[in-house]
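> Questions regarding the structure given below will be posed in turn.
Each reported figure results from applying straightforward, stated rules to the coordinates on display, with no laboratory input. Source: prediction; values computed, not measured. As a convention, Cβ positions derive from the backbone with ideal geometry for all residues, glycine included, and neighbour counts pool all protein chains shown.
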Amino acid sequence: MLCSKDLVKRAIEFRKPERVPYNFDSNRTPVTAERYGDDFEWVFSTPPENTYPKALGNDRFVNEFGVVYHRPGATFGEAVEFPLSDLSRVALYRVPDFSHPARFAAMEEIVRNNSDKYILGMFPHLLFQQMLDLFGFDGLMVALLKERRAVDLIADGLTESCLRMVDCFADRGADGMIAIEDLGLQDRLMIAPDLWREVFRPRMAAIVDACHARNMHLFVHSCGGIQDVIEDFVAMRVDVLQIDQQDNMGIDELARRFAGRICFFCPVDIQTTLPAGSPAAIEAKAKHLMRAFGSRGGGFMAKTYPQPEAIRIPEENTRVMCEAFRTFGRYPFQF
């Protein structure tokens, strides 16, 4: 029987894993008492204790970038104050240094204690999404069209930081890296695809290449209607696409265009099925995902949604989903 690390690698590389790998526990926030099984361990560049995020009161906090967030309820928070909303600050702004060895003590312990698991490092940032929080939405949109030098300066600083992170995580035993890079509205990108290709694709491609040079996979999480750039991800050799919604783009259409070319890493759709679907509907959607994306010698991995409380996903629905993936996720599929 293959260990978790080998199962994940085989699924990503279309090398016929014995079953669908899953990530049900190690990325759930807040951590719950329920445990459904896991082939992964997530690791981070952790800020020194009692430094960041800093609470500001009234459900507000500030992070290392100087972005102020409002956190309503159980969410991760929404940026409300942007350090680069005034473009005159760009020339003096410095991306925080996430590379200090002390920030990786927790990761090093996890790696020591989980030699059989796939170690997935999380970038502290990537490009577009971080720049939205630095400039603000309106500010970034205007700067992309009228102040490209400011955009390039910050984008280059973020890229250099990501490249340092690749080495920091690789040196400590990570098997892959995941970048959180929300690009989509419900049905399309937030910016024109050609503009994304001009500004962001070359820098992202350099990060992908750096991961591969260190024998790590690159995972990209992106919400929304991102169908216009998935072909770009494939061309850049992004290994894994982590999406929590699929129905807005169409499972079968995504499979027709991209199955067998990039590995998908998904829960059951968090907009249409997981929050309020019946057990039968959740099980059927889990089977649909596995059949559509995972029938080419791999290419699919299952996960939970990390913030179930924030979007009112009942724990029972999460349990049904996890059981469906575990029960029916053995190759060859028998459903």
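> Criterion first (touching an Asp or Glu at 6+ places or on another chain (Cβ under 7 Å), among the acidic types (Asp, Glu) and farther than 25 Å from residue 168 by Cβ) does residue 18 satisfy it?
Taking the combined requirement at face value, the residue does not satisfy it.
> Being surrounded by fewer than 19 Cβ atoms within 10 Å (Cβ to Cβ) and either in contact with a strand residue (DSSP E or B) (Cβ under 9 Å, 6 or more places away or on another chain) or among the hydroxyl-bearing types (Ser, Thr, Tyr) (or both) is the filter here, so list the residues in the range 43-55 that pass it.
Result: 44, 46, 51, 52, 53, 54, 55.
> In the range 15-42, which residue that is hydrophobic (A, V, I, L, M, F, W, C) and surrounded by fewer than 16 Cβ atoms within 10 Å (Cβ to Cβ) is farthest from residue 241 (Cα to Cα)?
33
> Would you point out the residue of the range 62-75, among those that are touching a strand residue (DSSP E or B) at 6+ places or on another chain (Cβ under 8 Å) and not in a strand (DSSP E or B), that is surrounded by the most Cβ atoms within 10 Å (Cβ to Cβ)?
67
> When the residues of the range 262-287 are narrowed to those that are out of contact with any Lys or Arg (no Cβ under 9 Å at 6 or more places or on another chain) and surrounded by fewer than 19 Cβ atoms within 10 Å (Cβ to Cβ), which ends up nearest to residue 222 (Cα to Cα)?
Looking at residues that are out of contact with any Lys or Arg (no Cβ under 9 Å at 6 or more places or on another chain) and surrounded by fewer than 19 Cβ atoms within 10 Å (Cβ to Cβ), I get 271.
> Exactly one of these conditions fails for residue 229: (1) closer than 15 Å to residue 242 by Cβ; (2) surrounded by fewer than 17 Cβ atoms within 10 Å (Cβ to Cβ). Give me its number.
(2)
> If residue 247 meets every condition in (1) in contact with a helix residue (DSSP H, G or I) (Cβ under 6 Å, 6 or more places away or on another chain); (2) surrounded by fewer than 22 Cβ atoms within 10 Å (Cβ to Cβ); (3) of a type outside the set (Val, Ile, Thr) apart from one, which number is that one?
Against the list (1) in contact with a helix residue (DSSP H, G or I) (Cβ under 6 Å, 6 or more places away or on another chain); (2) surrounded by fewer than 22 Cβ atoms within 10 Å (Cβ to Cβ); (3) of a type outside the set (Val, Ile, Thr), residue 247 comes up short only on (1).
> Select from the range 305-335 the residues that are of a type in the set (Ser, Thr, Tyr) and not in a helix (DSSP H, G or I) and write down the one among them that is surrounded by the most Cβ atoms within 10 Å (Cβ to Cβ).
Of everything passing the filter in the range 305-335, 305 is surrounded by the most Cβ atoms within 10 Å (Cβ to Cβ).
> Give me the pairs, please: first residue somewhere in the range 263-282 and polar (S, T, N, Q), second residue anywhere and not in a loop (DSSP other than H, G, I, E, B), beta-carbon distance under 7 Å, and either six or more positions apart or on two chains.
That search, which allows pairs on different chains as well, returns 273/281; 273/282; 273/285.
> Please state which one of 235, 302 is part of a strand (DSSP E or B) and under 19 Å from the mean Cα position of the chain (by Cα).
302
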